[in-house]
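**Student:** Following this message is one structure expressed as C-alpha cells.
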Ligand code: GAP
C-alpha cells in the first residue's frame, strides 16, 4: 500500500473507531449532519477532560506564576475592534462559479505549488491563473476573484445595537481581565493567565475530522513579562514545555517539528512566532503556536477602553505595559494527535487486535470490571462490589456483555489499561481476581483487598 493510501486509511480507521466506540459522533446526524461538526461521546469526553486536567495541572496548578480564568464567549464588541479581529481576521475566499463550492485560495495554491501565499490575495489570484488550478470539486476553471472573508461568527444581544461576536480565540478575555487580575491576585511579573474554553471561527472549509472545526476548544496562556526582560530563554522554555505536554499525552517527539514564521509573515507587533507541527496523516500541520506579541494587546485595549492597563512595580515604583508571550494549544487537535499516536494494530493468534495505547493518565476508563458470567448472581454481586469500591478513585466501567475475549477487545479499543475478571476461584478459593494488563495482555491474580494498593502504584 502506498504511503498516501496508508495515511488516509489510518484516518478512516480512527474516524470509524471513534464512532463505533463512542469517542466522537458526527453531530446532528439524524438531521443529515451539520457541516463538519462533532459531538464528543462518552469516552471522548472523558479523554478530553483528562487532557484538560493534565494541561491545567502542568500549566496552572503546579506553577506559582500562573493563574486561571474562565471568561465569557460573548464579549464587548469593541474589544474585537481593538484586537484587530473586526477588520483583520480574514481568510482568502475563492468561489467556483460553476459548482458554487467555496475554497481557501491560499490552500488551493499551496496544494499545487507548495508555496504559502497567506495574506497575499492578488498573488493567489495570479498563481491560480498561471497554474491553471481547477476546482477540486467539479474540475472546472471558472473562479471568482479572491476575497477577504471575516471568520468571526456574529449574533445579536438584547439591548445592544451593534453585532456581537462569538469569540474566535480565548485569549481576548484574558487581556480584558488584566486589570482585575492585577487588582485581585498580588501577581508579580513575570506571570501568566490561563484559560480553557470554546472558540468559534466560520472557517471557509472545515475538515480533516476534528483538525479544522468551526467550534473548537483552545487552551491558552498569556505570559506577561517586563519589556526589558531577556525574553529569548523564556520563549525557548515555553516551546519546550509545549512539546513536553503533548508528549505526556502520548505523542512521539519524532512526529513533532517546529516551524518558525519568516520575518515577512510576522504581524508588525510580533518579534517571533513558532508553530509546533504534528505529523498528521495529511502532512505536518500546526498543532500549537507560540507568539511574542509585544505590548500590542494591552496597549490596544488600553487605547480603546481608556483604562490604564499598566503594571505597577511597588519595589521599583516603575509603571510599564508588559510584553506578552502567548502559548496557544488547540484541544481538539491535541485529541486527534493523541488518538493517532495511541492507535495500534497487533497480531494476536492470527487475529488483529486494535488497541488504543493511551498513556494511563489520559485513558478514558482506567479499570473495567467483569463477572466471568452474567447469569451467576454471586459473580455479578462480587464484581459490582469491586466497582463500588474502586469508582471513587478511578473512572471504572462494569461490563457483563459478551464473552470475556470480546470484553477485552472492547476495552482495548477504548484504551482501558486494566481489566478485572471475577471468576469462580474468586468465590471458592482465595478471594483473588484476574487483573489483565492492556499492553502486555499478561494476567496476574491479586487479592481483592489489595486492589487499591495495586492500582495506586500502577495508575
Ligand atoms: N490566540 C492565538 C490563536 O488563536 P491560532 O494559531 O489562530 O492562534 C491557536 O490558534 C490554536 O488553536 C492552533 O494552533 C490550533 O491548535 C487551534 N485551532 C485554530 N483554529 C482551529 C480550528 N478551526 N479547528 C480546530 N482547532 C483550531
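None of the figures in this text is laboratory data; all of them are computed from the coordinates on show. Here the structure is a predicted model, which means the values were calculated and not measured. Neighbour counts run over all protein chains shown; Cβ positions are idealised from the backbone, glycine included.
**Student:** What percentages, rounded to whole numbers, describe P(r) for the chain computed over all alpha carbon pairs with 20 Å bin width beginning at zero?
**Tutor:** Distribution as computed: 21, 48, 26, 5, 0 percent.
**Student:** Using mean Cβ contacts within 10 Å as the protection proxy, how do 289-297, 306-314 order, highest first? Before the final figure, lay out the partial values.
**Tutor:** Numbers: 289-297: 21.4, 306-314: 13.1.
Output ranking for 289-297, 306-314: 289-297, 306-314.
**Student:** Using Cβ counts within 10 Å as a stand-in for footprinting exposure, how do 96, 138, 18, 419 rank, fewest first? Please report the intermediate quantities before stating the final value.
**Tutor:** Working: 96 20, 138 13, 18 23, 419 26.
Going from least to most buried by this count: 138, 96, 18, 419.
**Student:** Something else about it: What shape does the stretch 1-160 take by its C-alpha gyration tensor, where a ≥ b ≥ c are the square roots of the eigenvalues and a/c under 1.5 counts as rounded, a/b above b/c as prolate, and the rest as oblate?
**Tutor:** On the way: a/c = 1.82, a/b = 1.26, b/c = 1.45.
In terms of gyration-tensor shape, oblate.
**Student:** Here's a follow-up. Under a plain spin-label model, where a point goes 7 Å from the Cα along Cα-to-Cβ, how far apart in nm are residue 29 and residue 299?
**Tutor:** Between residue 29 and residue 299, the label points sit 5.1 nm apart.
**Student:** Continuing with this model, one more query. Pop the C-beta distance of residue 428 and residue 450 into the FRET formula with R0 = 22 Å and round what comes out to the nearest 0.05. Provide the component values of the computation, followed by the final result.
**Tutor:** On the way: r = 19 Å, r/R0 = 0.85.
Efficiency at R0 = 22 Å is approximately 0.70.
**Student:** Determine the shape class of the stretch 30-74: with a ≥ b ≥ c the square roots of the Cα gyration tensor eigenvalues, call it rounded for a/c under 1.5, and otherwise prolate if a/b is greater than b/c, oblate otherwise.
**Tutor:** Values: a/c = 4.61, a/b = 2.00, b/c = 2.31.
Taking the square roots of the gyration eigenvalues as a ≥ b ≥ c, the stretch 30-74 is oblate.
**Student:** Here is a follow-up. With the crude spin-label approximation of a point 7 Å out along Cα→Cβ, what separation in nm comes out for residue 373 versus residue 111?
**Tutor:** 5.8
**Student:** Compute the length gained on full extension between residue 271 and residue 73: take 0.36 nm times their separation in residues and subtract their Cα-Cα distance, giving the result in nm to one decimal. Mind dumping the intermediate values first?
**Tutor:** Working: separation 198, 0.36 × 198 = 71.28 nm, distance 2.85 nm.
The span from residue 271 to residue 73 would gain 68.4 nm if fully extended.
**Student:** Ok, one more. Quote to one decimal, in nm, the extra length available between residue 247 and residue 316 on full extension: 0.36 nm per residue of separation minus the C-alpha distance between them.
**Tutor:** Details: separation 69, 0.36 × 69 = 24.84 nm, distance 4.03 nm.
Length gained between residue 247 and residue 316: 20.8 nm.
**Student:** Taking just the alpha carbons, could you work out the radius of gyration and Dmax for the stretch 366-416, both in angstroms?
**Tutor:** That works out to 10.7, 28 Å for Rg and Dmax.
**Student:** In the stretch 65-129, what is the volume of the convex hull around the alpha carbon atoms, normalised per residue and reported in Å³? It would help to have the intermediate numbers written out before the result.
**Tutor:** Working: hull volume 11.9 nm³, N = 65.
Here the figure is 184 Å³ per residue.
**Student:** Right, something else. Just from the alpha-carbon atoms, what are the Rg and Dmax of the stretch 163-222 in angstroms?
**Tutor:** Taking only Cα atoms of the stretch 163-222, I get Rg and Dmax of 14.6, 44 Å.
**Student:** Suppose R0 equals 45 Å. What FRET efficiency, 1/(1 + (r/R0)^6) with r the Cβ-Cβ distance, do residue 237 and residue 381 give to the nearest 0.05?
**Tutor:** On the way: r = 54 Å, r/R0 = 1.19.
Efficiency, from the Cβ-Cβ distance: 0.25.
**Student:** Still on this model: If you average the alpha carbon positions of the stretch 35-80 and of the stretch 414-459, how far apart do those two centres end up, in angstrom?
**Tutor:** 34
**Student:** If eta is 1.567 mPa s and T is 4 °C, what Stokes-Einstein diffusion coefficient results for the stretch 8-50, Kirkwood Rh from Cα pairs, in µm²/s? Before the final figure, lay out each step's value.
**Tutor:** On the way: Rh = 10.8 Å.
Diffusion coefficient, whole number: 120 µm²/s.
**Student:** Do the sum for the chain: with -39,500 (n - 2.57) for every DSSP H run of n ≥ 4, divided by all residues, what is the mean residue ellipticity at 222 nm, to the nearest 500 deg cm²/dmol?
**Tutor:** Taken over the chain, the calculation gives -10000 deg cm²/dmol.
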